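Data block below; observations after.
Read-outs: derived from the displayed coordinates by stated rules, not from any lab. These numbers come from a predicted model, not from an experiment. Here the Cβ is made from the backbone with ideal geometry for all residues, glycine too, and neighbour counts use every protein chain on show.
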Amino acid sequence: MGSGRYLDDPLTFTRNPPSSSSPITVSNHLDSFLGESTSRSGSFESESISDADFGPEKLVGTVQFYERHVFLCYKKPSVWPARIEASEFDRLPRLLSSVVSARKSDMKKETLLTICEGHDGTETSNGDVLIFPDMIRYRRLTHFDVVTFVEEVLVKDVEWLPGNPESLNGSYVFVCCHGSRDRQCGVCGPSLVSRFREEIELHGLLSEVSVSPCSHIGGHKYAGDVIIYGLNINQRVTGHWYGFVTLEDVPLLLELHINKGEIVDRLWRGEMGLLEEEQKKTQEQRFQLTTEKINGEEATQESASNGFYCQSRAVPELNGSCCQQNENSPCCVENHKENLTSERDISVKKASYRISSSENGSSYGLKVCAAMSIWLENWEKEDTYAALSVACAAASVAIAYNCYKQLK
C-alpha cells in the first residue's frame, strides 16, 4: 500500500510492510556544517540524498499511508540508540515494538509507532502513550502491561482497563531529533524544537501547543521533519507532515497552520489517512481553490474601481443612477465630471446651431434668447472673469478716448 518511504524504519507497522534495505552513508551539501560527528555506535545511518530530492514538488506524497500514530514517551533523544526498538538496554520500547509487530495483521488500522521524549513528573512522563487521531493519553505503561495494552487498545479498539485514558487538547508538534539514527535530524531537530518553544512562550500558547522531539519517522532527506496533530477548522483531528522546515518557518507554521488552520503547501509532505496519490490530489485542489480565490479578488478589485462607471457606459439607461448610492466613489466622481463636460459642450453646440439656423425666421429674437439662455446656463466662473476683463478693458479705452477729446 505504501511506496517504501520508511524502508529503514522498523517502528512503522502496516499490514503490508515494505521490505527492508541497508542504509547508506550520506554525502551531500549538509556535510560542510554537520562536521564529522558520529553516533553512539560510531556511525550515522541515513537515506541517500541528491540535489533532485530538494524542492517543494518533491515533498508532496512522501508520507506512507497510515491511520493511527502511537507515541511512547521515553527518555531523551541524546540517549536514544540508533535502533531504540531493538536496544538490549531499553526494554519497554523493545517489547512494545515486538508485540505491535507480531499483532499487526490483527489490527484494523494501519499503525505507526514512534518514540518521543519523556520526563518523569512532566506532561510527558516516561511510559506515557499518546495516540492520534484518538487524542488520548495513557499514563505510565510498563513492560508488564505491553501485551494487554496492545490487545485491548490497538487490536480491539477498546479502553485499556488498568489505565484511565486522558483527553488531549490543543495541538501537538513532533520534530524528528534522532541524531544517532540520522545526523541531519540530529542537527536540525533540536534547533527547531528550541525555536518552537521560544515562539510558543512568546505568544502565550503554552496551554495550547505542545512540542516534543521524536525518533526516526522516515524521510530524513527532508529534514527538518515536523508533524502537527490537532483539530482543523471542521473540528476533525488531522496529522500533517512538513519537510525542509527551517527556523524561519516556525512562526509561519504557528500562525498559519495552528492558529488559522491553513496548510503551508511549500513545506507540506502529506497527511495521516491519505494515500500518496490522494495527498497529491488534495494539494492540487488547494492550489486550484487558491487560484480561483486570487482571480476572484482581482475581479472584485477591478469591479470596485471601474464597476459603476463601466456599467453606466455599457448600459446607457443606468447612467445617472448607478452612482446615486456611491457618490463618494472615485469612479463616480470622475464619471460625473466627464458627463458635465460633455453635456456642456453639447449644450453650447446646440445653442450655436439654433442661432445660425434661425437667423432668417420670424421668431429670430425669441430663438436667440432661448439659445443664449441655454448658453448662459453652462457659463462657468472662468468665462465670467474673462468677459469682465474684456468689458473693463473696453471701458478703459472709452474713458481714455473721451479724456483725449476733451483735452484736444
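Show me 268-274, 139-145, 395-401 ranked by packing, highest mean number of other Cβ atoms within 10 Å first. Walk me through the intermediate numbers first.
Working: 268-274: 21.4, 139-145: 15.3, 395-401: 9.9.
Per-residue mean Cβ counts within 10 Å order the peptides as 268-274, 139-145, 395-401.
Residue-wise HN-Hα couplings along the stretch 93-102, as the Karplus relation 6.51 cos²θ - 1.76 cosθ + 1.60 with θ = phi - 60° gives them from phi, are x, 5, 5, 4, 4, 5, 5, 4, 5, 6 Hz; Gly and Pro carry x. Averaging over all projection directions, the Cα-based convex hull of the stretch 58-121 occupies 6.1 nm² in the image plane. Distant-in-sequence amide contacts of Ser171, defined by a placed amide H-H separation under 5 Å and a gap of 5 or more residues or a different chain, comprise Val209, Ser210. Within the stretch 129-205, the proportion of C-alpha pairs whose separation exceeds 20 Å stands at 54%. Residues whose amide H falls under 5 Å from that of Gly224, counting only those 5 or more places apart or on a different chain, are Phe244, Val245, with hydrogens built in the peptide plane.
Full extension of the chain between Leu256 and Ser125 yields a length gain of 44.2 nm, computed as 0.36 nm times the residue separation minus the alpha carbon distance. Full extension of the chain between Asn164 and Ala391 yields a length gain of 71.3 nm, computed as 0.36 nm times the residue separation minus the alpha carbon distance.
Pairs exceeding a 18 Å alpha-carbon distance, out of Lys58/Lys281; Lys76/Lys109; Lys109/Lys156: Lys76/Lys109.
With 0.36 nm allotted per residue and the present C-alpha distance subtracted, the Arg139-Thr300 stretch has 52.5 nm of extension available.
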